[in-house]
Each structure stands twice: as C-alpha cells, then as structure tokens.
C-alpha cells in the first residue's frame, strides 16, 4: 500500500507540474527523479516520509545543463577534513577538477572522494561534487547541492556533468544529519538553474 501511495504522489508531482514532452532526455531526467524520490523514503535514515514527496520541487529539465567537462586529475592533493553542517568533519581528497562552459560562461568545480569509502567495494569508486551557486537561499537550498559521479565516468580527460541531476543534501529536509559543506573552491557566482529546488517545508 505504501508503494502505491508513493507512486501516486510521484505521478502528480512529476507529471502534473513539469513541462513534459516526448523528448527522450526529458523522460530520462523525470525517471531519474522518480528513482531518487523513492530512495529518499526507503533508505534506513530516510529524511522524509511518503506524504512529503509532494513538497519536492525541481527546475524543468534543460539539456543545456548537461555539460561536457574537461577533467584535470589531481593525484598529488592531500587528504583534508571537509566541514559538515553539524560541525563534525569528514576526510576527503580532491580527485579532479572539472572545467566547464555554459552560455559562454566558463567555470570549474572540484570533484571529491570520501576517504572512508576506499575500503568499501560498493562505494570505493564513488565521487561527488558539492557546490554553491547564485540561486542558493532563493530558489534552491541555502546549504548547496550535490552531484554524484563514478570514477569510470571520468574517461580520457572528459566527463558529462549533468546539473539536471543535482540534488539536495539530507539537511535540506530535516535536521540531525552530517552534510558536507561545499568548499570555497566550489562556490560559484553564476546561477545554476537546474536540478532540485528548495524543499517546500510542510506546515504540519
């Protein structure tokens, strides 16, 4: 029964509000968001309940924010302690730098690897990009957003960085989580109007 309610909420939120057309890429992004919403309510430390999924919000899919990036690897970087929203820190290392361009604006973001994942066969190829941009505190969560990558996606010095898939940390939904705070290197002045928007908090 829970699953039925979940997909009912998702159908309303995704297909009722988005400008859906037959474009394959649009459908791909909507499916990605559907799966992400499901994960939010089924994980052991889920930050929201089924009924809260209607409060999730997104920019309409925009293929111009799927960017082909030049990758510069940084093997000599040292491990550092990345601050989190709770005040605790986590060990990370910069894995690479992604150099990009959108609408004639050039920018770059650092890609990080969580050092506690190295001995975990399910996560040891996991990378992520935490970032802030000019939309934070307005249309998007003030604490920034994240993008996930895997090492194999950084091939031949190139990678696709899809901002339509960027998502909020758990801290955007509820307190009590240790969400990495985007380093200074990943604080952009331009607006990234793609991906997940600010969570529309329930009044209950």
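Read the figures in this text as sums done on the coordinates, not as results from a lab. Worth saying up front: this structure is predicted, and the values here are computed from it rather than measured. When we count neighbours, we look across all protein chains shown, and the Cβ atoms used for this are built from the backbone with ideal geometry, even at glycine.
Helix 2-17 and the longest principal axis of the Cα set of the chain meet at an angle near 80°. By its C-alpha gyration tensor, with a ≥ b ≥ c as the square roots of the eigenvalues, how is the range 16-168 shaped: rounded for a/c under 1.5, else prolate for a/b larger than b/c, else oblate? Oblate is the answer for the range 16-168, as a/c is 1.5 or above yet b/c matches or exceeds a/b. With contacts taken as Cα pairs under 8 Å at a separation of at least 6 residues, the chain carries a relative contact order of 24 percent. The range 52-118 and the range 147-204 have Cα centres lying 7 Å from one another.
Applying 1/(1 + (r/R0)^6) with R0 = 22 Å to the Cβ-Cβ distance of residue 104 and residue 155 gives a FRET efficiency near 0.25. Can you tell me the 0 to 90 degree angle between the C-alpha axis of helix 24-42 and the longest principal axis of the chain, rounded to 10? Taking Cα atoms only, the helix is inclined about 80 degrees.
Kindly identify the range 75-162 as rounded, prolate or oblate by the Cα gyration tensor criterion: order the square roots of the eigenvalues as a ≥ b ≥ c, call it rounded if a/c is under 1.5, otherwise compare a/b with b/c, prolate if a/b is larger, else oblate. Oblate, since a/c reaches 1.5 and b/c is not below a/b.
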